[in-house]
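Here is the structure we will look at, set down as structure tokens.
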Amino acid sequence: MTLAFDHVAIAARSLTEGAEWLHDRLGVAPEPGGKHSTLGTHNMLLSLGAGEYLELIAVDPEAPPPGRPRWFGLDSFDGPPRIAGWVARAHPLVAPSGTTIAEASRGDLRWRITLPQAGQMPRGGAEPMLIDWGTGPYPSDLLPDRGLRLKCLSLPLERLDLADRRLMLAGARTEMTLTLTTLKGEVTL
């Protein structure tokens with residue numbers, strides 16, 4: 001299975017709170033995304049360049065309860081916005097232990113993704129969910145380029161089978177941090 005960084009998820013209590021938090025730090029506002037009706041969430045997005053993006057995600061207050069744990073640990077999320085997990089593109093897509101593969105679509109976007117049965121991937125989301133966009137467009141293809149780029153995603157893991165030098169293994173006793181290059185310089189979240 002070949003893996004590549006796809007996107008990082010920032011959770012917030014609401015999209016409004018998260019969008020303000022991101023704008024204050026990055027100097028740009030996230031773009032409207034959409035709803036994940038089967039999971040009771042909605043999102044906003046920022047391009048990180050070709051094939052990569054940042055997802056701001058929150059519980060959709062208008063959605064009925066999904067009947068399963070919401071992804072990225074959103075059922076128990078509280079506090080200020082923070083990194084809730086990340087997603088790697090995988091081909092072929094194989095569900096790791098404790099996950100199932102779900103198909104989803106919105107507009108022109110179609111994808112298959114591994115969903116953690118417990119609602120959150122192990123180690124607070126440090127282990128990635130996996131996604132396959134098939135032959136269709138990536139969300140970053142549909143977003144304006146605001147000059148944001150992934151510089152480093154520091155993960156509280158000892159081992160990861162991904163050759164992307166921007167993903168740093170920081171050991172199990174640390175928290176995830178995200179460093180982006182922006183038009184204002186480097187910013188660490």
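The values are calculated or read from the model by the stated rules, or taken from the named source; none is laboratory data. Since we're looking at a predicted model, the values are computed, not measured. Quick reminder, even Gly has a Cβ in these numbers, built from the backbone with ideal geometry, and neighbours come from all protein chains shown. Ligands, DNA and RNA are excluded from the accessible area calculation, which covers all protein heavy atoms including side chains. Shrake-Rupley method; radii C 1.70, N 1.55, O 1.52, S 1.80 Å.
Scoring ASP141 on the criteria (1) among the acidic types (Asp, Glu); (2) surrounded by 15 or more Cβ atoms within 10 Å (Cβ to Cβ); (3) within 21 Å of LEU56 (Cβ to Cβ) leaves a single failure, condition (2). Scanning the range 119-143 for residues that are within 20 Å of GLY34 (Cβ to Cβ) and outside any loop (DSSP other than H, G, I, E, B) turns up MET129, ILE131, ASP132, PRO139, SER140, ASP141, LEU142. Those strands (runs of 3 or more DSSP E) of the range 1-114 in which 2 or more residues are open to solvent by 40 Å² or more (accessible area, probe 1.4 Å) occupy 2-11, 31-36, 82-91, 99-106. Residues in the range 144-189 that are part of a strand (DSSP E or B) and of a type in the set (Ser, Thr, Tyr): SER154, THR177, THR179, THR181, THR182, THR188.
Right, LEU150: within 17 Å of GLY85 (Cβ to Cβ), in contact with a Gly (Cβ under 8 Å, 6 or more places away or on another chain) and either surrounded by fewer than 15 Cβ atoms within 10 Å (Cβ to Cβ) or not basic (Lys, Arg) (or both) or not? Spelling it out, LEU150 is indeed within 17 Å of GLY85 (Cβ to Cβ), in contact with a Gly (Cβ under 8 Å, 6 or more places away or on another chain) and either surrounded by fewer than 15 Cβ atoms within 10 Å (Cβ to Cβ) or not basic (Lys, Arg) (or both). Taking (1) modelled with pLDDT of 90 or more; (2) open to solvent by less than 30 Å² (accessible area, probe 1.4 Å) in turn, MET121 satisfies each apart from (1).
In this structure, LEU155 does satisfy being open to solvent by less than 30 Å² (accessible area, probe 1.4 Å), under 15 Å from ILE83 (Cβ atoms) and modelled with pLDDT of 90 or more.
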